[in-house]
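The values are calculated or read from the model by the stated rules, or taken from the named source; none is laboratory data. Computed from a predicted structure; not experimentally measured. A quick note on method: Cβ atoms are made from the backbone with ideal geometry, for glycine too, and the neighbour counts reach across all protein chains shown.
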Amino acid sequence: MNLRRRLSTMLFTILFLGVVTCGRQVFAQSTAAVAQADKQEDETNLDTQVYLLVGTNQAVDDSKIPAALDAAVKQLRASLQFKNYRLAVTLVNRVKNDGRLYLKWIGGPMGPSIAATSAAPSFSEFKLNNVKLVKNAANQQLVRIEGFGFSVRIPITTPAIGPTGITGPVVNYESTGLNTDFSMREGEATIIGTLNIGPSGDAIILVMSAKTTK
């Protein structure tokens, strides 16, 4: 009888240890799977479009403005006093969700109204410190932009006057720009801000849109 009890006890112990071991293995595998899933990066990308419009009272061809900006231009006409708008620059880029973007180029958006030459060009910079898809309280998809920045270094030419009179031009650079944080609806062209620039009273209007892409 004692022998039978001992055998039963040993068998129960062996089965119990087997169940515990299997449970540990399943738990370890589940934990590893969760850790692996956490390590997978978000590969969502966004196509961004930044439009630099020029508001002016001079005659321009408004028909060259893309249809994607119709609503934005209508809003501008209702709030600003410029007679016409023209598209100066379009910046199209792809950025990873929760990523950043930086551009720098020679030239500015204003064209003839800024006294830039090949010897003294203007310089433009554009940056997004962070672009991220988020949801608002109504569970709508938004694109949050942190550290939006646009700046232009403009050459200002003045005559140099020496002891014998004017000796030649002197170029000094002045900077103008805009820095802000904001959120916008995905795929909707949104007016970010305006910059008054140039002796003619023209202004740069910054418009941006972004949408997810594969």
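See the values below:
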| quantity | calculated |
| --- | --- |
| Only listed residue being part of a strand (DSSP E or B) and either at pLDDT 90 or above or crowded, with 17+ Cβ neighbours inside 10 Å (or both), chosen from LYS74, LYS127 | LYS127 |
| Among (1) within 30 Å of ASN84 (Cα to Cα); (2) β-branched (Val, Ile, Thr); (3) at pLDDT 90 or above, the one test that THR157 misses | (3) |
| Residue within segment 104-118 that is assigned to a strand (DSSP E or B) and at pLDDT below 85 present | no |
| Segment 189-204, subset modelled with pLDDT of 95 or more and either assigned to a strand (DSSP E or B) or among the acidic types (Asp, Glu) (or both), residue surrounded by the fewest Cβ atoms within 10 Å (Cβ to Cβ) | GLY193 |
| Qualifying residue in segment 165-177 (condition: within 16 Å of LEU128 (Cβ to Cβ), surrounded by 13 or more Cβ atoms within 10 Å (Cβ to Cβ) and either small (Gly, Ala, Ser) or within 21 Å of the chain's Cα centre (by Cα) (or both)) | yes |
| Pairs with Cβ under 8 Å, 6+ apart, first in segment 92-108 and in contact (Cβ under 8 Å) with a residue 60 or more places away in the chain and outside the structural domain of THR176 (by TED's automatic domain parsing), second basic (Lys, Arg) and loosely packed, with under 15 Cβ neighbours inside 10 Å | none |
| Conditions (1) closer than 30 Å to GLY99 by Cβ; (2) surrounded by 11 or more Cβ atoms within 10 Å (Cβ to Cβ); (3) of a type in the set (S, T, N, Q): number failed by GLN140 | (2) |
